[in-house]
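No value in this document is a laboratory result; all are computed from the given coordinates. Note that this is a predicted model, so its numbers are computed, not measured. Note that we place each Cβ from the backbone using ideal geometry, even for glycine, and neighbour counts take in every protein chain shown.
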Amino acid sequence: MEQKTFKTSFQIEGIGLHSGLPSVVTFYPAKENTGIVFEKDGVEIRALYDNVGDTQNCTCLKKDGATVSTIEHLMSALYIKGVDNVCIKVSNSELPIMDGSAKVLLERLNQEEIVSQSAPKKRLIVKKTVRFEDDKGNFIELTPPKKQGLHIYFKIEFDSQIVGTQIFDADITPTLFANEIAPARTFCEKYQIDYLRAHGLIKGGSLDNAVVLDGEKILNPEGFRVKNECVNHKVLDLIGDMYTAGYAIEADIKAYRTGHFHNNAVLKKLFENKENYEIAED
Ligand SMILES: [Zn+2]
């Protein structure tokens with residue numbers, strides 16, 4: 001299998017979640033071994049785990065005074081499309097939130113032609129178990145894959161009955177991604193929104209780009225889009241964050257109540273020791 005890029009340049013437009021301002025993203029084909037590179041105000045930032053500067057509410061790249069935030073849903077869609085190389089110029093430091101999931105992004109990427117390049121695709125195969133656990137017992141573990149590809153087990157537990165305990169346990173395939181993972185939206189509690197609004201954030205937030213829960217109620221009139229939408233969204237974020245390894249990762253991943261911070265921390269641990277992984281070229 002060869003590395004891939006887009007055949008021609010194209011744009012995606014939306015608004016930033018926090019700023020509420022327009023965000024225009026322009027994709028340019030890139031040559032072999034470029035990776036996924038964002039460009040903001042003339043600063044190029046490769047979408048790599050060691051350029052991640054903030055994991056508070058999203059995965060945010062920072063370098064030389066430039067910031068590109070909320071990259072995870074796009075990274076997830078680029079991973080599943082098998083895109084290795086692309087330069088992405090952004091007009092706003094936040095990527096557009098779109099519908100709060102990767103559904104619209106994936107549909108847009110599906111319209112673009114993706115072409116093979118001359119260099120072989122590189123895959124990162126996990127060789128030794130790498131685990132990161134926080135002081136609350138939440139953990140993520142990467143173990144050597146039982147078969148080629150990415151398998152994810154993810155468990156979340158919430159006090160509310162409407163979310164409760166949700167488990168995702170499956171091989172990540174393009175079909176499963178399109179049907180069950182990409183449509184899963186960001187979710188939050190109403191009190192969190194009230195707090196963020198009071199602090200001048202999420203100016204672009206609405207029921208069109210998030211699932212909002214209020215105790216045992218869902219405020220979105222349409223309800224949930226997919227079964228176990230909340231854990232599936234965590235899987236969407238995880239896949240995107242794992243792509244900041246700079247390679248398509250092959251591993252069995254087990255995650256318990258984790259988020260962007262843990263995803264970044266486990267990648268840092270993975271790269272601490274070359275014996276933890278192997279880079280394969282097809
Ligand atoms: Zn997300």
- Cβ-Cβ FRET estimate between Asp169 and Thr26, R0 fixed at 30 Å, reported to 0.05: 0.20
- Normalised convex hull volume, the range 123-281, alpha-carbon set, Å³ per residue: 132 Å³
- Query: Based on the Cα atoms of the chain, what semi-axes does the equivalent ellipsoid have, where each is the square root of 5 times one gyration tensor eigenvalue, given in whole Å with the largest first?
  - Reply: 27, 24, 18
- Message: Give me the percent relative contact order of the range 123-281, please, defined on Cα pairs under 8 angstrom at least 6 residues apart.
- Response: 42 percent
- Message: At 7 Å along Cα-to-Cβ for each site, give me the label-to-label distance between Lys128 and Glu39 in nm.
- Response: 4.0 nm
- When Met98, Met1 are arranged by how many other beta-carbons sit within 10 Å of their Cβ, fewest first, they go Met1, Met98
- With the range 2-120 reduced to its Cα atoms and the Debye formula applied, log10 I(q)/I(0) at q = 0.13, 0.21 1/Å amounts to -0.46, -1.24
- What residue among Thr67, Thr55, Thr173 has the largest mean-square fluctuation in a Gaussian network model of the chain, using Cα springs under 10 Å? Thr173
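Give me the percent relative contact order of the chain, please, defined on Cα pairs under 8 angstrom at least 6 residues apart.
Reported relative contact order: 27 percent.
Structure shown: which of Lys81/Lys146; Lys122/Lys274; Lys155/Lys268; Lys31/Lys121; Lys147/Lys227 lie over 18 Å apart, alpha-carbon to alpha-carbon?
Violating the 18 Å limit, Cα to Cα: Lys81/Lys146; Lys155/Lys268; Lys147/Lys227.
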- Average Cα contact separation per residue, the range 2-120, under 8 Å, 6 or more apart, as relative contact order %: 39 percent
- Message: From the convex hull of the Cα coordinates of the range 188-282, what is the mean projected area in square nanometres?
- Response: 8.9 nm²
- Order of Asp54, Asp252, Asp282 - criterion: other Cβ atoms within 10 Å of each residue's Cβ, fewest first: Asp282, Asp54, Asp252
- Name the most mobile residue of Leu95, Leu106, Leu196, meaning the one with the largest mean-square fluctuation, in a Gaussian network model of the chain with Cα contacts below 10 Å. Leu196
- Ranked by GNM mean-square fluctuation in the chain (Cα springs under 10 Å), the top entry among Thr34, Thr175, Thr244 is Thr175
- Item | Longest site-free stretch - the chain; sites: trypsin sites (Lys or Arg not before Pro), DSSP loop, at most 13 other Cβ within 10 Å | 32-127
- Query: For Asn138 and Asp64 in the same chain, what is the full-extension length gain: residue separation times 0.36 nm, less their Cα-Cα distance, in nm?
  - Reply: 23.4 nm
- Item | Helix-only CD estimate at 222 nm, as mean residue ellipticity for the chain, using -39500 (n - 2.57) per DSSP H run (n ≥ 4) | -6000 deg cm²/dmol
- Query: What's the longest bit of the chain with no exposed GluC sites (Glu not before Pro), using DSSP loop states and at most 11 other Cβ atoms within 10 Å as the test?
  - Reply: 1-112
